[in-house]
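Working notes, beginning with the structure itself.
Every number in this text was worked out from the coordinates using simple rules, so none of it is lab data. All figures in this text were calculated on a predicted structure; none of them were measured in a lab. Using ideal geometry, Cβ is built from the backbone for each residue, glycine included, and neighbour counts are taken over all protein chains shown.
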């Protein structure tokens, strides 16, 4: 399979979702996003409106933010308020963190209903559900995926990037075996190289959450790709 640099960029959600990000870094991030034309630019909710201003006119770049980020244990009412505010500020995609405590407590109806509530707010905009797989057994991941499917979300996502593991080949293969083509898979948490991205693509991931520095590095690798079995030109 052959990709060009634009194809790779259009699979990447570049992000700066650390607590110490300031306005100067936000401006540098916006310039990088404009240069590489990633499909997504993700920031914490506080900066959504400002990033929307900085990317005014760049309609091909989808601003995204986290809901219930990074732990997911807010009440549903808080997450729905966050979602409405984020959309009003200019977000076009929402990455919500599943309520891990509810999932581990087997309160699957609660988890599913919360996803439905967020999807109702998102409407035709993309809703991704972060499972935070580091804390879950394979059986928990299966139950979480069923909630994502039943809740009507568009993507299941591995991680916030704030846990030690996330987008491993084993996790992506497991997610694909569960969800098939019912929802798409976003790999996040550990995607730092072109070779790694392409390996996870082969296993079924179609969107990649990547920190801003690693996203730039991946794009630079596209000029001299490693032996991956997929050509990038």
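Assorted remarks:
- Label-to-label distance, nm, for residues given as residue 23 and residue 217 (7 Å Cα→Cβ offset): 3.1
- Projected label points at residue 73 and residue 88, each 7 Å from Cα along the beta carbon direction, are separated by 2.8 nanometres.
- The calculated FRET efficiency for residue 195 paired with residue 135, based on their beta-carbon distance and R0 = 30 Å, is about 0.65.
- Cα coordinate range in the range 2-232, projected on the principal axes (Å, largest first): 48, 39, 30
- With neighbour counts taken as other beta-carbon atoms within 10 Å, the residues 89, 13, 22 rank, fewest first, as 22, 89, 13.
- Each label was represented as a point 7 Å from its Cα along the Cα-to-Cβ direction; for residue 31 and residue 7 these points are 3.1 nm apart.
- The packing ranking, built from the mean of other Cβ atoms within 10 Å per residue, places the peptides 145-155, 205-215, 49-59 in the order 205-215, 145-155, 49-59, highest first.
- Relative contact order for the range 2-232: 19 percent, from Cα pairs under 8 Å spaced at least 6 residues apart, divided by residue count.
- Annotation: extensible slack from residue 81 through residue 181 equals 33.0 nm (criterion: 0.36 nm per residue apart, minus Cα-Cα distance).
- Which of 162, 6 has the fewest Cβ neighbours within 10 Å, and the rest in rising order: 6, 162
- With neighbour counts taken as other beta-carbon atoms within 10 Å, the residues 110, 46 rank, fewest first, as 46, 110.
- Taking 0.36 nm per residue of sequence separation and removing the Cα-Cα distance, the residue 107/residue 150 pair yields an extension gain of 14.1 nm.
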